[in-house]
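Accompanying notes for the structure given below.
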């Protein structure tokens, strides 16, 4: 199994952008014209996807820390409505991140 197989399986849009950048680099090496705007568009997309993933990951971490604190304050036999709602929020965000990373 190649080292990029996990990237291929979970981040198809990023992999496609890297393929486009490789094609652009090949054209440049061959001395062909490359529109700088094409490069900018691909790099901007990669930056936006990366920033979005980072922001969502940070939000997920924050929510899990809040959930952990709320669970620690809970009675061992029952969970509060706030804990259940926070757990659902964590689950929704995690599912969203997972689906987006797979390009769905």
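Only one of these is in a helix (DSSP H, G or I), modelled with pLDDT of 90 or more and more than 24 Å from residue 12 (Cβ to Cβ): 66, 70. Name it.
Numbers: 70 fails: modelled with pLDDT of 90 or more.
The match here is 66.
Residue pairs whose Cβ atoms lie under 8 Å apart, separated by 6 or more positions or on different chains, with the first residue in region 39-57 and farther than 13 Å from residue 14 by Cα and the second surrounded by 12 or more Cβ atoms within 10 Å (Cβ to Cβ) and at pLDDT 85 or above, are 39/21; 39/24; 56/93; 56/96. Scanning region 51-63 for residues that are touching a helix residue (DSSP H, G or I) at 6+ places or on another chain (Cβ under 7 Å), over 17 Å from residue 82 (Cα atoms) and at pLDDT 90 or above gives a single hit, 59.
Specify which of the listed residues (57, 78) is outside any helix (DSSP H, G or I) and exposed (fewer than 15 other Cβ atoms within 10 Å of the Cβ). Walk me through how you get there before you give the answer.
On the way: 57 fails: outside any helix (DSSP H, G or I).
Selected residue: 78, the only one of 57, 78 that is outside any helix (DSSP H, G or I) and exposed (fewer than 15 other Cβ atoms within 10 Å of the Cβ).
Check residue 89 against each of (1) outside any helix (DSSP H, G or I); (2) touching a helix residue (DSSP H, G or I) at 6+ places or on another chain (Cβ under 7 Å) and name the one condition it does not meet. Unmet for residue 89, out of (1) outside any helix (DSSP H, G or I); (2) touching a helix residue (DSSP H, G or I) at 6+ places or on another chain (Cβ under 7 Å): (1). Take the conditions (1) in a helix (DSSP H, G or I); (2) modelled with pLDDT of 90 or more; residue 31 misses just one of them, which is (1).
The values are calculated or read from the model by the stated rules, or taken from the named source; none is laboratory data. Note that the coordinates shown come from a computational prediction; the quantities given were computed from them, not determined experimentally. Because the Cβ atoms are built from the backbone with ideal geometry, glycine has one as well, and the counts that use them run over all protein chains shown.
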